[in-house]
Amino acid sequence: MTTAVSVAGLVKRFGRTRALDGLDLEVRTGEVHGLLGPNGAGKSTTIRVLLGLLRADAGTVRLLEGDPWRDIATLHRRLAYVPGDVSLWPNLTGGEVIDLLGRLRGGLDPNRRADLLARFELDPTTKCRAYSKGNRQKVALVAALASDVELLLLDEPTAGLDPLMDAVFREYITQDRDRGRTVLLSSHILSEVEALADRVTIIRAGKAVDSGTLTDLRHLTRTAVVADLAAPPDGIAAMPGVHGVEVRGNRLRADVDTDRLGDVLRQLTALGVRSLTCQPPTLEELFLRHYADQLAGPREKVPA
Amino acid sequence: MTALLGTGALVRLALRRDRILLPVWIVVLVVSAAGSAAATIGLYSSVADRVQLATTVDNTSSLVALYGRIYDVTSLGEVSLFKMGGLGAAMVAVLTLLTVVRHTRTEEESGRLELLGATPVGRYAPLAAALAVAMGTSLVLGLVTALALIGVGLPAAGSVAFGMEWAGVGIAFAALAALAAQLTRSARIANGIAGATLAVVYVLRAVGDTASAGGPTWLSWLSPIGWAQQLRPYAGNRWWALAITLGFAVAATAGAVALAARRDLDAGLIHDRPGPAHASARLRGPFGLAWRLQRGLVLVWTASFVFGGVVIGGLAASVGDFLTGPQAQEFITELGGQQGLINAFLSAELAILAVIASVYGIQAALRMRSEETALHAEPVLATATGRIRWAWSHIVIALAGSAVMLTGAGLAAGVARAADTHDARDIARVLGGALVQVPAVWVLIGIVVALYGLAPRLVSAGWAVLVVFLLLGELGPLLKLRQWAMDLSPFTHVPRLPGAPVTVVPLIWLAVVAAGLTAAGLAGFRRRDIG
């Protein structure tokens, strides 16, 4: 398995702020990788370093076996980028911008262009100044998806799209993955990443706090278990890896460490199970776990 | 009035954003006026000297066309400020028109006004705030200028009239820009409309002022610059002329308000039509894109330069018609050459065109910065286009565009001159005079590129550098500046052609300096962050 993007210890400072503070990221060839984090976590900065638009202050960055700062012209032929904030030349039409960006990248597929325009319901004869935010986003998406490239760098690509267009977008990304393209998708929309991404990196304040497949990540967390039993669930609360137990008669509700789930289920079966639901953690819960202290209140301001 | 609700807050916002820009403009203009007055008072203390100079100016069509007429040949004030009356007023007009468009159409085009418009802000508040700032600035400028001129020893009433001449032009063009900002969705085009109007009314008064008694002298009365000059500071102070300017401002403001009342946010009177669904074959690489973005500007500027060249070449024949006395000859010679009044006139006018071509060059080179800050550069640089190639696409248009304009003006002036003299060699002579200016213009483009690469936030300082060079050339000899200070300006080194001997060495040096600055800028741009 080769890597399309590998970043280690990446630091990027803007004046006194450290936008990226030792970030690690690995995107394997052929996967859809979700870069997940709230606003200001460093997602766009990471992508702009990968594009060679920003210069890394420290750390190593490899993109398609090249140096993104040095090998711009060769690397950029092999990738397409959709910025988070799409701003277009007001006096050019959408069609002209799509063709221009495609040609600058080294050509685009006219059939796919026509297909994308139809599916995204985009009028290419409109001047860019008249497009809404979502339509500007579609122009950038069509230009990127119609290009024959190995890697797509998408920075919150669906921020302005309606749910129907969002579905079209997901369809194309799934199709692209099946054709062997690599996709790095930054987002704060958890359901989107959950639906599309093979692997996820969660970043926070310029650092990667967690990375892996959703299964990997879930492994480190707890599964919610609700069971109706034949007898009162005595002794379950004392088992290792069982948390937040609520008992009402013969009914049990508990959060179980995923690697202890087998033991707990055996114990429950012994007691006699009438009904059982096990819910794996959603990405949202994973995400909240990493940001829980932030939600609880600003803890950065520890008095010196 | 709810339509004006929030105007005060918007005025404070505008003043906060322009807290450096506006004071700098005011200081530069006041210092120029007071400096040239102070220097002239020392040089022309005797009435006879002033009469001599003023008569010479009034009898030289090219000077009258450029600066305006001196109405009282004995007046110390008029002789001191004859250069600053018309040209200075045009600079004030540029200041206020840029200010108004910057706080109206630019805000609207960028979408920032939408954010503000959703707060309790009245429909006319942004327009009213922009006009209040621009007109207030004009008044402050007028008052400070008047005080400074009184301070250096000119008569009080005339000084106030001079200050009001400037303030009136500022107010008139603020109103005109407000009108232009309603017509189009693009701030760039709004600036273009207001700027072109300024150029047209400047030419109108030039034609009116130079017309003979039976000719179209009334043309001067169609021009806000003409009305301002008809105030005649230090030569009768005809205050009623101010009323025309203010009446025009009121009418233009009313027109702007009427248009603003009828249109939607982010709309203009000129509507967009659908364009091509596919890019043409020419819109290919970064150069195709840069040309597409800048071609309108290049064509309009080139056409204006050709027109300017025809006017200059045609006027040359009338130079020196009325000249008498050796001192008059000396005065003209001082303006820019050694042999022949016509050569001196042509080389002086071509030098002015070079300054104007620098305005284009700076504007074209600054496009790199506006493309970057508008996030237009990012998607292009994310393609196979390298940074240096992208930067070159805009630099080449600035360099080639300014060269083409000067060539066009030189050819047109040469042909017009040759039509008078029936000597085809004049075409080459005049064209040569225009071409030697090109390296000096390139130095200014080089300065902008260097700033862009090395200190992108300071890139607008390119304008300040041009103003300094311009003032060094216009006022340096009067203020008796040292040669090294004059040498800072690239325009000092240009041989005064036609007429003077052709000296190639300074031209090579200018080209080397321009190349060095460009290389330094590109090296810096290669290393820095985008955005």
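Do we find a residue being more than 14 Å from chain A (Cβ to nearest Cβ), aliphatic (A, V, I, L, M), over 30 Å from B:Ala39 (Cβ atoms) and part of a helix (DSSP H, G or I) anywhere in the stretch B:478-497? Quick ask: steps written out before the conclusion?
First pass over the stretch B:478-497, keeping only residues more than 14 Å from chain A (Cβ to nearest Cβ): B:478-497.
Then keep just the ones that are aliphatic (A, V, I, L, M); that gives B:478-479, B:481, B:485-486, B:488, B:494, B:497.
Pick out the ones that are also over 30 Å from B:Ala39 (Cβ atoms) and you get none.
No: the stretch B:478-497 contains no residue that is more than 14 Å from chain A (Cβ to nearest Cβ), aliphatic (A, V, I, L, M), over 30 Å from B:Ala39 (Cβ atoms) and part of a helix (DSSP H, G or I).
Considering only the stretch B:498-531, state which residues are outside any helix (DSSP H, G or I) and more than 14 Å from chain A (Cβ to nearest Cβ).
Step one: filter the stretch B:498-531 for residues outside any helix (DSSP H, G or I), giving B:498-504, B:528-531.
Listed by number, the residues that qualify are B:Pro498, B:Gly499, B:Ala500, B:Pro501, B:Val502, B:Thr503, B:Val504.
Among the residues of the stretch A:137-157 satisfying the criterion of being within 11 Å of chain B (Cβ to nearest Cβ) and crowded, with 24+ Cβ neighbours inside 10 Å, which is farthest from B:Glu114 (Cα to Cα)?
The initial filter retains those residues of the stretch A:137-157 that are within 11 Å of chain B (Cβ to nearest Cβ), namely A:139-140, A:143-144, A:147, A:149, A:153, A:155.
Add one more test, that the residue is crowded, with 24+ Cβ neighbours inside 10 Å, and what stays is A:139-140, A:143-144, A:147, A:153.
Numbers: A:Val139: 23, A:Ala140: 24, A:Ala143: 28, A:Ala144: 30, A:Ser147: 35, A:Leu153: 31 Å.
Here the answer is A:Ser147.
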If you check A:Ala227, A:Ala197, A:Ala238, which single one turns out to be among the small types (Gly, Ala, Ser) and in the same structural domain as A:Pro157 (by TED's automatic domain parsing)?
A:Ala197
Elements of type helices (runs of 4 or more DSSP H) in the stretch B:79-171, at least 2 residues being in contact with a Gly (Cβ under 7 Å, 6 or more places away or on another chain) and either farther than 30 Å from A:Arg129 by Cβ or at pLDDT 90 or above (or both)
B:125-151
Look at the stretch B:476-519 and say how many of its residues are of a type in the set (Lys, Arg) and either on the phi < 0 side of the Ramachandran plot or without any contact (Cβ under 8 Å) to a residue 12 or more places away in the chain (or both).
2
From A:Lys43, A:Lys12, residue being within 14 Å of chain B (Cβ to nearest Cβ), touching a residue at least 40 places away in the same chain (Cβ under 8 Å), closer than 19 Å to A:Val209 by Cα and not hydroxyl-bearing (Ser, Thr, Tyr):
A:Lys12
Exactly one of A:Gly134, A:Gly94, A:Gly160 is among the small types (Gly, Ala, Ser) and at the interface with chain B (Cβ under 9 Å from one of its Cβ atoms), and that one is A:Gly94
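Take A:Val7 and tell me if it is modelled with pLDDT of 90 or more, within 19 Å of A:Thr182 (Cα to Cα), out of contact with any His (no Cβ under 7 Å at 6 or more places or on another chain) and part of a helix (DSSP H, G or I).
Details: modelled with pLDDT of 90 or more: yes; within 19 Å of A:Thr182 (Cα to Cα): yes; out of contact with any His (no Cβ under 7 Å at 6 or more places or on another chain): yes; part of a helix (DSSP H, G or I): no.
No; evaluated as a whole, the condition is false for this residue.
Return the residues of the stretch A:235-248 that are out of contact with any strand residue (DSSP E or B) (no Cβ under 9 Å at 6 or more places or on another chain) and either on the phi > 0 side of the Ramachandran plot or not in a strand (DSSP E or B) (or both); say none if nothing qualifies. Break it down into steps so the answer makes sense when it comes.
Here is the first cut: in the stretch A:235-248, the residues out of contact with any strand residue (DSSP E or B) (no Cβ under 9 Å at 6 or more places or on another chain) are A:235, A:238, A:248.
Once the filter is applied, which keeps residues that are out of contact with any strand residue (DSSP E or B) (no Cβ under 9 Å at 6 or more places or on another chain) and either on the phi > 0 side of the Ramachandran plot or not in a strand (DSSP E or B) (or both), the stretch A:235-248 yields A:Gly235, A:Ala238.
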Note on A:Leu25: of the conditions (1) in a helix (DSSP H, G or I); (2) among the hydrophobic types (A, V, I, L, M, F, W, C); (3) farther than 20 Å from B:Ala384 by Cα, unmet is (1)
Looking at (1) part of a helix (DSSP H, G or I); (2) assigned by TED's automatic domain parsing to the domain that holds B:Gly111, can you tell me which one B:Gly236 breaks?
(1)
Checked the stretch A:118-128 for anything closer than 9 Å to A:Thr93 by Cα and either crowded, with 16+ Cβ neighbours inside 10 Å or touching a Phe, Trp or Tyr at 6+ places or on another chain (Cβ under 8 Å) (or both); matches are A:Pro124, A:Thr126, A:Lys127, A:Cys128
Pairs, please: C-beta under 8 Å, at least 6 apart or cross-chain, first residue assigned to a helix (DSSP H, G or I) and in the stretch B:1-20, second among the basic types (Lys, Arg)?
B:Ala3/B:Arg123
Those residues of the stretch B:395-409 which are touching a Gly at 6+ places or on another chain (Cβ under 8 Å) and hydroxyl-bearing (Ser, Thr, Tyr) amount to B:Ser402
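Residue-wise test of (1) modelled with pLDDT of 85 or more; (2) loosely packed, with under 10 Cβ neighbours inside 10 Å; (3) not hydrophobic (A, V, I, L, M, F, W, C).
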{"site": "A:Val242", "(1), (2), (3)": "yes, no, no"}
{"site": "A:Leu252", "(1), (2), (3)": "yes, no, no"}
{"site": "A:Asp257", "(1), (2), (3)": "no, no, yes"}
{"site": "A:Leu261", "(1), (2), (3)": "yes, no, no"}
{"site": "A:Ser275", "(1), (2), (3)": "yes, yes, yes"}
{"site": "A:Pro281", "(1), (2), (3)": "no, no, yes"}
{"site": "A:Leu286", "(1), (2), (3)": "no, no, no"}
{"site": "A:Arg299", "(1), (2), (3)": "no, yes, yes"}
{"site": "A:Val302", "(1), (2), (3)": "no, yes, no"}
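Here's the yes/no breakdown for (1) β-branched (Val, Ile, Thr); (2) more than 14 Å from chain A (Cβ to nearest Cβ); (3) in contact (Cβ under 8 Å) with a residue 40 or more places away in the chain:
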{"site": "B:Glu378", "(1), (2), (3)": "no, no, yes"}
{"site": "B:Trp390", "(1), (2), (3)": "no, no, yes"}
{"site": "B:Val396", "(1), (2), (3)": "yes, yes, yes"}
{"site": "B:Leu399", "(1), (2), (3)": "no, yes, yes"}
{"site": "B:Leu411", "(1), (2), (3)": "no, yes, yes"}
{"site": "B:Arg425", "(1), (2), (3)": "no, yes, no"}
{"site": "B:Val430", "(1), (2), (3)": "yes, yes, yes"}
{"site": "B:Gln437", "(1), (2), (3)": "no, yes, yes"}
Count of residues meeting criterion [surrounded by fewer than 19 Cβ atoms within 10 Å (Cβ to Cβ) and either in a helix (DSSP H, G or I) or of a type in the set (Phe, Trp, Tyr) (or both)] in the stretch B:381-391:
2
Within the bounds of the stretch B:407-429, is there any residue that is surrounded by 22 or more Cβ atoms within 10 Å (Cβ to Cβ), among the charged types (D, E, K, R) and either outside the structural domain of B:Ala39 (by TED's automatic domain parsing) or in contact with a Ser or Thr (Cβ under 7 Å, 6 or more places away or on another chain) (or both)?
yes
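Just to check your reading of the model, which residue among B:Ala281, B:Ala290, B:Ala277, B:Ala252 is within 14 Å of another protein chain (Cβ to nearest Cβ) and within 27 Å of the chain's Cα centre (by Cα)? Don't jump to the end; show me each part of the working.
Numbers: B:Ala281 fails: within 27 Å of the chain's Cα centre (by Cα); B:Ala277 fails: within 27 Å of the chain's Cα centre (by Cα); B:Ala252 fails: within 14 Å of another protein chain (Cβ to nearest Cβ).
Just one listed residue meets the conditions, B:Ala290.
The values are calculated or read from the model by the stated rules, or taken from the named source; none is laboratory data. On a predicted model such as this, the values are computed, not experimentally measured, just so you know. Using ideal geometry, Cβ is built from the backbone for each residue, glycine included, and neighbour counts are taken over all protein chains shown.
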